[in-house]
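Visitor: So that we are looking at the same thing, I have put the structure below in structure tokens.
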């Protein structure tokens, strides 16, 4: 894979407690996504958080990595990620875990081959490696009929 760089732009107005920001991707994929400190600790309609974006990035990265391992034209992969932000004693707030739930259909694929593909996909997913450097990555993967 060639050297890849992606960019996002963020603006923030106000203090942490009452301020708010917006996140934009110059690609045009999303623009002016609102976020705030409140969106970090509570679900708020139409407002995102850095953790939600990390969960989306990890799920997307893992799905692509698993597709590369399965190499099945008819494969169907669904991944959901739950990123956990928690206070770590003496370190402040940290991403401590990313829990992946993976459901896949791949006609003719044996369970053992699927499990090996999941392990290889995790090892090959740059977001799994990034998160694993300082947090736990757990995967609940099932091959469906």
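Visitor: When you look at residue 121, is it outside the structural domain of residue 39 (by TED's automatic domain parsing), modelled with pLDDT of 95 or more, crowded, with 19+ Cβ neighbours inside 10 Å and assigned to a helix (DSSP H, G or I), yes or no? Before the answer, list the steps.
Guide: On the way: outside the structural domain of residue 39 (by TED's automatic domain parsing): yes; modelled with pLDDT of 95 or more: yes; crowded, with 19+ Cβ neighbours inside 10 Å: yes; assigned to a helix (DSSP H, G or I): yes.
The answer is yes for residue 121.
Visitor: When the residues of the stretch 73-92 are narrowed to those that are outside any strand (DSSP E or B) and in contact with a strand residue (DSSP E or B) (Cβ under 9 Å, 6 or more places away or on another chain), which ends up farthest from residue 43 (Cα to Cα)? Reasoning before the result, please.
Guide: Going through the stretch 73-92, the residues outside any strand (DSSP E or B) turn out to be 73-75, 89-91.
Add one more test, that the residue is in contact with a strand residue (DSSP E or B) (Cβ under 9 Å, 6 or more places away or on another chain), and what stays is 74-75.
Numbers: 74: 35, 75: 33 Å.
Ranking the qualifying residues of the stretch 73-92, first place goes to 74.
Visitor: Say whether the condition of being surrounded by fewer than 18 Cβ atoms within 10 Å (Cβ to Cβ) and in a loop (DSSP other than H, G, I, E, B) is met by at least one residue in the stretch 48-68.
Guide: Scanning the stretch 48-68 turns up no residue that is surrounded by fewer than 18 Cβ atoms within 10 Å (Cβ to Cβ) and in a loop (DSSP other than H, G, I, E, B).
The values are calculated or read from the model by the stated rules, or taken from the named source; none is laboratory data. All of these numbers come straight from a predicted model, not from anything done at the bench. No Cβ is skipped: glycine too gets one built from the backbone with ideal geometry, and neighbour counts run over all protein chains shown.
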